[in-house]
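Scroll down for the structure; my scribbles are underneath it.
The values are calculated or read from the model by the stated rules, or taken from the named source; none is laboratory data. None of these values were measured; they are calculated from a predicted model. Please note: Cβ atoms are built from the backbone with ideal geometry, for glycine as well, and neighbour counts cover all protein chains shown.
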Amino acid sequence: MQIEYTPIEGCFIIHDTFFGDSRGYFFESFNRNTFLEKTGVAIDFVQDNQSSSSKGVLRGLHYQNGEFAQAKLVRVLSGAVLDVAVDLRKDSKTFGQHVAVELTGESRTQFFVPRGFAHGFVVLSEQATFFYKVDNYYHKASEGGIIYNDSDLAIDWKLPENEIKLSDKDLILPLLRDTVNTLQF
């Protein structure tokens, strides 16, 4: 496991060592002890989630507030996505800044998003299967979100606006500046 530090404290890009031959490949996608040794983060994941989406589907930017905040370890099993984490920690020097990383099934790269971040991704390939671990259970009353095209965030989603496909819920998310007083991390 190789850790690539990002400009935002707590977000890591993870490059795993995999072993392949004519039969296929093997790699260890998560080892708690190695993760702790390499990042200094002790984490206990409690749930795995998986989604399949077509090109242009954008899921996000979502977060959970307070005691139900979630850290995530995300990866793509097949296809390609642009994955984005926005720092919502009000006391952070990088508040409102984001990290964007392209994840593909081929590269097997993973992205760790700590608690206190909004998270989202857009599918760049024709189809993508997205997988992630979380360290806290979903709690509907604690969910929140920020509209993906908030001009203050200036996220380049790598697709033209007319190719973006959103859920009804994600279409009406507020701007970051309209959520600041509700953030509890």
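Does THR104 qualify as being at pLDDT below 95, of a type in the set (Val, Ile, Thr) and under 27 Å from PHE45 (Cβ atoms)? Spelling it out, it is not the case that THR104 is at pLDDT below 95, of a type in the set (Val, Ile, Thr) and under 27 Å from PHE45 (Cβ atoms). Every residue in the stretch 1-57 that is touching a strand residue (DSSP E or B) at 6+ places or on another chain (Cβ under 7 Å) and of a type in the set (Lys, Arg), please. Matches in the stretch 1-57: LYS38, LYS55.
One line per residue, one yes/no per condition, for (1) out of contact with any helix residue (DSSP H, G or I) (no Cβ under 9 Å at 6 or more places or on another chain); (2) closer than 21 Å to ARG32 by Cα:
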residue	(1), (2)
ASN65	no, no
GLN70	yes, yes
GLY79	yes, no
THR94	yes, no
PRO114	yes, yes
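Taking the criterion of being part of a strand (DSSP E or B), modelled with pLDDT of 85 or more and of a type in the set (A, V, I, L, M, F, W, C), the residues of the stretch 1-25 that qualify are ILE3, PHE12, ILE13, ILE14. Of all residues in the stretch 7-30, those that are touching a residue at least 24 places away in the same chain (Cβ under 8 Å) and over 14 Å from ARG75 (Cβ atoms) have Cβ atoms under 7 Å from Cβ atoms of residues that are surrounded by 11 or more Cβ atoms within 10 Å (Cβ to Cβ) and not β-branched (Val, Ile, Thr), 6 or more apart or on another chain, in ILE8/ASP87; ILE8/GLN97; GLY10/PRO114; CYS11/ALA85; CYS11/PHE112; CYS11/PRO114.
Within this structure, SER142 passes the test of being touching a residue at least 12 places away in the same chain (Cβ under 8 Å) and over 19 Å from LEU58 (Cβ atoms).
Scan the stretch 63-77 and give yes if some residue there is surrounded by fewer than 17 Cβ atoms within 10 Å (Cβ to Cβ), modelled with pLDDT of 95 or more and either part of a loop (DSSP other than H, G, I, E, B) or hydroxyl-bearing (Ser, Thr, Tyr) (or both), otherwise no. Looking for residues that are surrounded by fewer than 17 Cβ atoms within 10 Å (Cβ to Cβ), modelled with pLDDT of 95 or more and either part of a loop (DSSP other than H, G, I, E, B) or hydroxyl-bearing (Ser, Thr, Tyr) (or both), one finds none in the stretch 63-77, hence no.
What is the residue count in the stretch 126-185 for residues that are of a type in the set (A, V, I, L, M, F, W, C) and exposed (fewer than 11 other Cβ atoms within 10 Å of the Cβ)? Adding up the residues that qualify gives 4. Here the condition is being over 25 Å from GLU28 (Cα atoms), among the charged types (D, E, K, R) and in contact (Cβ under 8 Å) with a residue 40 or more places away in the chain; of ASP178, ASP170, ASP135, it holds for ASP170 alone. Would you check if there is a residue in the stretch 52-61 being surrounded by 15 or more Cβ atoms within 10 Å (Cβ to Cβ), touching a Leu at 6+ places or on another chain (Cβ under 6 Å), touching a residue at least 60 places away in the same chain (Cβ under 8 Å) and part of a strand (DSSP E or B)? Checking the stretch 52-61: at least one residue is surrounded by 15 or more Cβ atoms within 10 Å (Cβ to Cβ), touching a Leu at 6+ places or on another chain (Cβ under 6 Å), touching a residue at least 60 places away in the same chain (Cβ under 8 Å) and part of a strand (DSSP E or B).
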